[in-house]
1. From the list I568, I606, which one is outside the structural domain of Y646 (by TED's automatic domain parsing), among the hydrophobic types (A, V, I, L, M, F, W, C) and either closer than 26 Å to L644 by Cα or in contact with a Ser or Thr (Cβ under 8 Å, 6 or more places away or on another chain) (or both)?
2. Taking the condition of being assigned to a strand (DSSP E or B) and within 26 Å of K45 (Cβ to Cβ), how many residues in segment 138-165 meet it?
3. Looking at V1086, V1066, V1090, can you tell me which residue is outside the structural domain of F569 (by TED's automatic domain parsing), of a type outside the set (F, W, Y), crowded, with 18+ Cβ neighbours inside 10 Å and over 22 Å from R748 (Cα atoms)?
4. Please list, ordered by first then second residue, the pairs with beta carbon atoms under 8 Å, 6 or more apart or interchain, first in segment 1111-1131 and of a type in the set (S, T, N, Q), second surrounded by fewer than 14 Cβ atoms within 10 Å (Cβ to Cβ).
5. Scan segment 309-325 and tell me whether some residue there is closer than 30 Å to T199 by Cβ and of a type outside the set (A, V, I, L, M, F, W, C).
6. Exactly one condition in (1) surrounded by 18 or more Cβ atoms within 10 Å (Cβ to Cβ); (2) under 29 Å from S420 (Cβ atoms); (3) in contact (Cβ under 8 Å) with a residue 40 or more places away in the chain is false for M249; which is it?
7. What about P306, is it closer than 23 Å to S422 by Cα, out of contact with any strand residue (DSSP E or B) (no Cβ under 8 Å at 6 or more places or on another chain) and either touching a residue at least 24 places away in the same chain (Cβ under 8 Å) or outside the structural domain of A709 (by TED's automatic domain parsing) (or both)?
8. Which residues, counting only those in segment 126-137, are at negative phi, in a strand (DSSP E or B) and of a type outside the set (A, V, I, L, M)?
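The values are calculated or read from the model by the stated rules, or taken from the named source; none is laboratory data. Quick caveat: nothing in here was measured; it's all calculated off a predicted structure. Cβ atoms come from the backbone with ideal geometry, glycine included; neighbour counts cover every protein chain shown.
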Amino acid sequence: MRSIHAALALALLTPAVADPLALANGGFETWAAGLPASWAAWKPKGDGTITASADAAEGTSAAELRTDSADDRVAITQKVALPDSGGGLVHLRAKVRSAGLSGGRTSIRVQPLTASGVSNGLLYFAQTTGTTGWHDVDGYLEVPAGTAAVSLQPMIDSGVGTFAVDALSIEWAGPVPSGDGWQFVPMSGTPTSAEENGTLTIGGSAGASGQYRRTFPVKERTVYASRLRVKLDAIACQSSRLEIAYTPMKAGQPIPGVRYAYTDIDQQRDFVPVAHNVTMPTGADAVRVEVSFTGPGTAWVEPADPAELPSDVGGKYPSSRVGHPLKNPQNMMGGADWDAVAGESDEVKRDKLGALATMAEADYVAAARTASASRTGLDIHPEFETHLRRLAELGERRRAVLGLAELARGYDSVPYTHPSWSKNTIPFQAVRAYDLVYDAPDWTRESRALVESWLRRTVVSFVNLADKPTGMHNIEVYGFRYAFAVASILGDPDLVRYVLPMADRMFSGRQFFADGTWEEATTSYHDQVMVFARGAFTLLADNYADPAGYTGEMELDHTDLVPARYPIFAKAANMGDTLRFPDGVPVTINDTHFPKADDMVATDPITSLKNIELYGYGHYALTAGDTQDALQAHLTLPPTSEGLPYKAGHGHGDHLGLILWGSGMEVLPDQGYPHQVPNYRYWHMDTPAHNAPWIWSRVNANGYACQDALGTGAAVLAYDDGATSGKGVQLIEASEPGPAQDGAEVKRRLLAVIQSPDGRYVVDVSRLKGGDAHQWFLRASEDEDVTLDTTLPLQDKGGTVKSYYDSIGKTEGLPEDRDLMRDPRVGSGAGDLSFTWTGARTGTAVRAFVNGSPGDEVIFSKVPTLRRTANDAAKKDAYPNWHFQRRRLVTPSDTTTYAAVYETMRTGQQGKLSSVTFDEAFGGDPMTSVTRLETPRYRDIVYVSDSTQERVVDGITMAGRFVLARVDKATGAVVSGYVNGAGHLYGGAYRLTGEERTLTVTGTRSAWTGAPATPSSGTPNALTVDGTLPGWAKGLWATTALGDGRGWAMRVEQVAPGSAGVQDWVPFEVGQGGATTSFFPRGTQVPGAVTATVRRPAWAALSPATLTDAVTAAGAAGKISGAGVQAGLVARLQVLGKVWDRAQARRGVLTGLTAEVTALAGRKIDRAFAADLLSAFKAARDLP
């Protein structure tokens, strides 16, 4: 079936059909006594002005309103009669402009009036803020039945600024379409619409708006589940708008003040599910579902009839079989709520109860009724409920019973509106009171039934409102405790099982990553979810058993559901311990509560040198050092676009973000949870407040706000935990281009932690391609002031980074919070530079060597920090600290490499790096770079590329994606090297080769697939592959790649034909045509082949073995004449191997080798190769 509604829309929009109403002087051309003719002034407060402005959109004058105080309220008004009082649509058009409008509400207000002049509500048209030039506004407003006229009121209501109106007109567009099925109503412009096979379609150009509406019968005081699917296309962020709304009705009219409107989807994407649970208030007999869309673009909506959810569940089994009070009752609620009363002495309890404890019983019952009547919503709990608990704990059982009964008796009079938090529907303090007085002799059959029905229904309301297939909020775990407490007290099996499906979905791959991390990836909210849920299930296990004879899908008899039903718990319990720095201090990614800044010292003992590998979410930390000192570099690669500049939830904009901990302190930090908006919350959540690279695209400059929760394409490209090299080299490389709208073609970051006999350091290489500006940010310590030391010439620009960019007319890049980047000092980023930030309190310092890049500019500025404010907004500017950023304006085809090297020093220590230089676009390849680092004894050469093409660097042949050559400065010999995966390193008498293997993944096996309410199967976790990995792959990390580029790293545990056993649950399943994600975000289908690559890292120090390899290769290349010469050298090197660890004996053998090679140089041994051997021998003699 196909129904086209465009004709109706056109009919309503056609002037010949519409009925122009008798609005006088809508062009404001005629004025008298300071007012437009036929208009009256309205100034109930303040001294706002009304003037005729010559700056008119049409004709010679316009009406202009002006205010200079938020106390001002000013309008002009005119009453216009309607031809029909049965309700319908009026069509308004006008031209408006504004200047500096802020606060209050500025609009053309429309007030429907009855025949007797009584207000019939308020409507708003042409709402305006800020500064705008003349522009057209066009829209339809629906006036309710009984409206005989409307008062048009251009108005500034408690705002400040200027508002001008011209060419105002109003037409009667007729009654609102009615009848069975979906009806289309135009809202503004000329929208298109269609209904086909149950799918509603609304489209139009910018500003065009239309609405489908349909009325369904409902029952009052009932929750209805609305489940839809939505698709948007060709939309514009923050201009296009899809709204799904629910208006409860009574006798054909909207119930005043009750309308639930949702704008869940504001992104261009294919069909996605949308779920709403909606309360029908007292008196409702119908609900009008309204699907509205404003262009540009097109919206498709697949609606379904709202489904009635039960108002009550259970009550079939007597509660008398349950023993009271419950065991471990503290698990009924949160610790603070429990302690608030449990921690009071009897004297304090009586003091807080006041007269309630002593007044006459009749007065007490009256007070209980007053408290009951004070509940203005399902989530409103008067202090009287807590008093009931106090009375129960004091043994005042009769009063507690009477009070509980009155609250239960009045429950049906509580306004039935949607609560702010669903879990708050359950009166947990009253639940505890009932548990304590269950056995009181004061109960009657009627009063007990009332109370148990009340408590039961509050649990049902909690589930009905909170449980959605699209996911649950972290705070709903409180409700599990409250709900299981009620179910345990009542011994109600049906109530338990009404709650469990919600828990099943929450504690599954729907809301957890494969590594056990809660979807928001914050330790604080992760712990909240796990601790509260664990308490809820413990409460159930301690207290609940099914009644005799009950049959269901499972038997519950003091059963701990967690081990078998929720495998996620065993893994998730460790996150708080996992995310810690080597000194035990928490890592505060995303909205994680931070420790006190003053408690952060550089002298805490180092207790852990483990790497962090949250492979499911995407957070890795490379750790090097010992219990005396250590270095740890973190890389975060969130799989979804959370945090700013996208949207503010509990995620931060740390996309490919770095955290650096060293010499006892977090020197390049992630600040933690800014939970106070006035304390610059949104700045602290944004990418420029993190140590992150960014690609900014001009075409997407205003689009980030509509790109939250999209896939970022995050993938681990390489991970070496350092096991092969004894932690001589560790690296992590990741790609995270972000949503497609970001315009990033390449967005990658590589971190390598490298140790040498002279110390340890971090190499940081970001490669960016795409967009119009490439940016890179670093921030200094959150725990103490730091000083800045740099030799880079800087110009003090004053003001802010925003004012500086405005002054030069180059504002490209992320614009948010530039006004908080104060006192900028600007320098050229075209050449290599270095700077040091030193802590004023601890003396811990970080020195950063940074590469130059053509056209790059660097800025040091002071920005607000968070931790020392303790989230006190009054201190938000009290602790500014250094911030570093660089920006390069590019074309989408340009590639930028931002490279840096970091070392940290404790107070009094000197850095070991004397020089660092960078070669970008080495060999003409924009993806290849070389970094040279000088320490007292060595020169380290770090080669990073995107291919295995062979290149010569300082006479050393290198090939591969990451290669390290360590050169002895005294001899020029390569004394150690590293190759990650396919590639090689040939330097003098040193040769090293790495390898890798890529196979197609054809299937997966996982002990748990993330499916709700399923136990761990014990099946070994594995990738099914189209071949066999070599034996050396065992213990190394495979990087997987799905068809769209996203991928995870997994450690290979077992190798067998056609299979690679891995260390943990596999984050995806492979089927015909592609893969489907098993964990958050679960159910994403990714077409295309899946691969797994294992890179074998090669690492070797100068040794008889490396020298033998060099001699063998030289012989094969004809650089050694005569088999006897080569064999003799190899034999002596074998002798060298036997004494290598004995310095004196080693030097003796090397002296003989040196003499032999010197004698044969130029005769039997190629002179250049002989020189390489002699350098290597000399370097080997000097080894400790």
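1. Numbers: I606 fails: outside the structural domain of Y646 (by TED's automatic domain parsing).
Checking each option against the conditions leaves just I568.
2. Step one: filter segment 138-165 for residues assigned to a strand (DSSP E or B), giving 138-143, 149-157, 160-165.
With within 26 Å of K45 (Cβ to Cβ) added as a condition, the list becomes 141, 149-157, 160-165.
Of the residues in that region, 16 qualify.
3. On the way: V1086 fails: over 22 Å from R748 (Cα atoms); V1090 fails: over 22 Å from R748 (Cα atoms).
So the residue among V1086, V1066, V1090 that is outside the structural domain of F569 (by TED's automatic domain parsing), of a type outside the set (F, W, Y), crowded, with 18+ Cβ neighbours inside 10 Å and over 22 Å from R748 (Cα atoms) is V1066.
4. Listed pairs, sorted by first residue: S1121/R1163.
5. In the first step, residues of segment 309-325 are kept if they are closer than 30 Å to T199 by Cβ; the result is 309-310.
When the remaining residues are screened for being of a type outside the set (A, V, I, L, M, F, W, C), the result is 310.
Among the residues of segment 309-325, at least one is closer than 30 Å to T199 by Cβ and of a type outside the set (A, V, I, L, M, F, W, C), which makes the answer yes.
6. If we test M249 against (1) surrounded by 18 or more Cβ atoms within 10 Å (Cβ to Cβ); (2) under 29 Å from S420 (Cβ atoms); (3) in contact (Cβ under 8 Å) with a residue 40 or more places away in the chain, just (3) comes out false.
7. Values: closer than 23 Å to S422 by Cα: yes; out of contact with any strand residue (DSSP E or B) (no Cβ under 8 Å at 6 or more places or on another chain): no; either touching a residue at least 24 places away in the same chain (Cβ under 8 Å) or outside the structural domain of A709 (by TED's automatic domain parsing) (or both): yes.
Answer is no for this residue.
8. Keep residues of segment 126-137 that are at negative phi, which gives 127-129, 131-137.
Of the ones still in play, those that are also in a strand (DSSP E or B) are 131-137.
T131, T132, G133, W134, H135, D136, listed by residue number.
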